[in-house]
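Before any comments, here is the structure.
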Amino acid sequence: MLKPEIEDGQASLADPQFRADVLAGLARRPRAIPARWFYDHRGSELFEEITQLPEYYPTRTETALLRSLCGDLPQLTGEGRAVVEFGSGSSVKTPIVLECVKPSAYVPIDISGEFLRESSRTLSAAFPDLLVLPFEADFTRPLTLPRTIAGAPKLGFFPGSTIGNLTPWAATDLLRAMRASLGEGAMLLIGMDRIKAPEVLVPAYDDAAGVTARFNLNLLERINRELDGDVPIDAFRHEARWNDDRARIEMHLTATRDAAFHVDGRPFAIAAGESIHTENSHKYGPRDARILLRGGGWTPLREWTDDDGRFAVILAEA
Ligand code: AVI
């Protein structure tokens, strides 16, 4: 979870950064709005639904991989590490890693305090003897971690192929920031989605039940609700495109007819066929993933993939 949500009807409480990103994103060409704004309350619910879809292989593939690599992990990481998760750790993946690594402490980092507190409470209940230290912060910048874990070597955990939502440039910066935050002797366990046939990739982002379409279109609903918009949602359709040159799935909201609308009092127009680019999900082949990690200051140590080579979990050291 990346941002706090907002109560229905409280347009005046809109995040100023949301307003700035939407207004700038609609004015520029090509139009683009950062994917972080998908995750209001409804968007988070829809993303949860996406992770259960038959077409969306990443979540179940990575979860199965983590279960199978668990036996190997303690001897690779050693004992007594503090696990630092980049993200609130609300998924089923966190307990799998905590159970096998048996960390000295667990530090989930997230910008949304509400999500962080909720997931930390759940984890504390499941692991009553574990020191859980929720840390509300923007992990895209180097951080000073809580002093309580200053002496312990760290194991960073960044599952879900969330790194793929960043351009390689920004992904490298993030990996470097993580390395700086985790310090000497750190390790990183990271999930990365692999390049594969568009026949598999595109349906994963354009499912038959239309959940991903609702997830994408919810951004327009959020704009109307929070930024006093009158975007005609029925004038847009969800589109998932494989961009082979950049090895990424792109999500777009494509206008099905010419449309004019307002956001925050400002007029905008879009012609039929034009789109608002809303998300990138980069995919990495085995070598690409290793180069990305090395570019971010990490040395890959071990890699696990499923039998079909769809998804990889990589352990790297600083
Ligand atoms: C959160 N992130 C890793 C997801 C992905 O696969 O890029 C977001 C998502 N967008 C549509 N479906 C899933």
Legend entry - DSSP-assigned coil residues among GluC sites (Glu not before Pro) in segment 240-318, each with at most 16 further Cβ atoms within 10 Å: Glu274
Legend entry - Probe 1.4 Å, all protein chains present, accessible-area order of Asp244, Asp264, largest first: Asp244, Asp264
Inset, instruction - Quick one: which residues, 5 or more positions from Ile195 or on another chain, have an amide H under 5 Å from its amide H? H modelled 1.01 Å from N in the peptide plane, none for Pro or chain starts. - result: Tyr284, Gly285
Legend entry - Amide H contacts of Glu85 (H built 1.01 Å from N, under 5 Å, at least 5 apart or other chain): Val107, Ile109, Phe157
Inset, instruction - Using a cut-off of 12 Å between beta-carbons, work out the net charge of the residues near Ala197 (Lys and Arg +1, Asp and Glu -1, Ala197 not included). - result: +1
Inset, instruction - Of the DSSP beta bridges with both residues in the chain, give the percent that are antiparallel, rounding to the nearest 5. - result: 65
Legend entry - Within the accessible area of segment 121-267 (1.4 Å probe), percent carbon and sulfur: 51
Inset, instruction - Give the Kirkwood hydrodynamic radius (Å, one decimal) of the chain, defined as one over the mean of 1/r across all pairs of different Cα atoms. - result: 20.5
Legend entry - Contact order relative to length of the chain, as percent, for alpha carbon pairs under 8 angstrom and 6 or more apart: 21
Inset, instruction - Between Glu48 and Glu221, take the C-beta separation as r, use R0 = 30 Å, and let me know the FRET efficiency to the nearest 0.05. - result: 0.95
Inset, instruction - List the GluC sites (Glu not before Pro) within segment 30-83 that fall in a DSSP loop (any state other than H, G, I, E or B) and whose Cβ has at most 13 other Cβ atoms within 10 Å. - result: Glu79
Legend entry - Rh by Kirkwood over Cα pairs, then Stokes-Einstein D for segment 194-318 at 0.890 mPa s and 25 °C, µm²/s: 146
Inset, instruction - Please identify every one of the trypsin sites (Lys or Arg not before Pro) in segment 21-63 that sits in a loop by DSSP and has no more than 11 other beta carbons within 10 Å of its own beta carbon. - result: Arg28
Legend entry - Area accessible to solvent at Asp308, 1.4 Å probe radius, in Å²: 120
Legend entry - Virtual spin-label span in nm between Asp72 and Ala271, 7 Å along Cα→Cβ: 5.3
Legend entry - Residue (of Gly113, Thr51, Ala64) at the positive-pole extreme of segment 44-134, dipole from beta-carbon charges: Ala64
Legend entry - Per residue, in Å², the accessible surface of the chain once ligands and nucleic acids are set aside, probe 1.4 Å: 45
Legend entry - Long-range HN-HN contacts of Arg302 with modeled amide H, under 5 Å: Leu315
Legend entry - Local electrostatic count at Thr59 - Lys and Arg +1, Asp and Glu -1, tallied over other residues with Cβ under 14 Å: -3
Legend entry - Unit charges on C-beta of K, R, D, E only; dipole of the chain, Debye: 960
Inset, instruction - Please give the contour-minus-distance gain from Ala209 to Arg246: 0.36 nm per residue of separation, less the Cα-Cα distance, rounded to one decimal in nm. - result: 10.6 nm
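The values are calculated or read from the model by the stated rules, or taken from the named source; none is laboratory data. Since the model is a prediction, treat every value here as computed from it, not as a measurement. Reconstructed Cβ throughout: ideal geometry from the backbone, glycine too, with neighbour counts over all protein chains shown. The area values use the complete protein model at the heavy-atom level, side chains included, leaving out ligands, DNA and RNA. Shrake-Rupley method; radii C 1.70, N 1.55, O 1.52, S 1.80 Å.
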